Amino acid sequence: MPRHPRLFVPGATYHVYCRVARGEFVFDDPIEADAFVSAVREVRDLDGWRILAWALLSNHYHLVVKTDRLPLWRSMLRLQSDIARGFNRRHRYLGRLWQSRYRARLIDSQDYFRQAVSYVHLNPVAANIVSDPADYRRCGHSEILGIEEPVLIDVPAVLRGFDDGLADNPRDRYLSWIRQIAELRWIDQGIRKLPWWKSADHLDEIASPLTHPKARTFDGLSFEDERVGIAIEDFIRFFERHSGYIIQDLRSSLRRPMHVQARIEFATLAAARHGIRSTEIADSFQKHPTTIARLIRRGLRRLLEDRSFRDRIDSLDRQISRSARDEPGTR
């Protein structure tokens, strides 16, 4: 039987999962579990993924990922191949590790996004491993709650997806969804029973731009409105244009509040919204990478706690993204 073609919408968010062949409990081995996390982190960094949920069980995994411009299949080919090669090398095995190609579905609404993230992080509960996902080390739940340092999760991006203005803290809204999904009857019946999978023509379906012409990412942007990749030199130019600051001020030793604010805004926008590496930001500031890491941490914390700061970042993000789209040759 021929395989169905895999379609792809750049910048979209997907729920992805796959199972180990024969259901073997490969990831009960801490070495294999750590190797899986390392492989996912490497693909995330290389291909510009934003990971919004993850759970690794004994014989399968779930990911909710927001892609960049590379097709999902290319990233997944690298991920599953690297994991399989490493496993076979360590155990001197031949043959395949995975039961089949990965499965993926497009997330094209905020409710779907919230359902998928909650379902993924409730997987260890549904498997009767723990009663509280916060007690399970190999999923993103504790990262979102701030109990653990982020391993894979883009925490600000997840919380934006749960921020509807009704709760003072988006984490409270996230926990509300976790409780709501946990009470539903289908939670422990397997992925084929999920309500949002029933409409798929087949499990290999990802997305078709023809059948999803009005699709939106989980944070409300249309796919064609997604930000484009920006080189650091272009980002500096656009930041100067729209922020009112100049790069010389960011590079200076001045510690006036306005200069500190400018550095935090630049670092937060560059790293959290446009995926620019912290080493590139450090080079542009002519500062040590640890200084940039501190600025990014402060910015991420303020995104969660300070609505006026978040509004400022959102406004600059829209203006910079618009400039990047409007100027040919920007990458």
When residues of region 1-20 are limited to those that are surrounded by fewer than 18 Cβ atoms within 10 Å (Cβ to Cβ) and either assigned to a loop (DSSP other than H, G, I, E, B) or not assigned by TED's automatic domain parsing to the domain that holds residue 91 (or both), the one modelled with the highest pLDDT: 10
Selection status of residue 232, surrounded by 13 or more Cβ atoms within 10 Å (Cβ to Cβ) and over 25 Å from the mean Cα position of the chain (by Cα): no
Where residue 58 falls short, out of the listed (1) within 27 Å of residue 174 (Cβ to Cβ); (2) under 20 Å from the mean Cα position of the chain (by Cα): (2)
Of the criteria (1) of a type in the set (S, T, N, Q); (2) farther than 23 Å from residue 273 by Cα; (3) modelled with pLDDT under 90, which one residue 123 fails: (3)
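The values are calculated or read from the model by the stated rules, or taken from the named source; none is laboratory data. If you're wondering where the values come from, they're calculated on a predicted model, not measured in any experiment. Ideal geometry is used to build each Cβ from the backbone, glycine not excepted, and the neighbour counts take in all protein chains shown.
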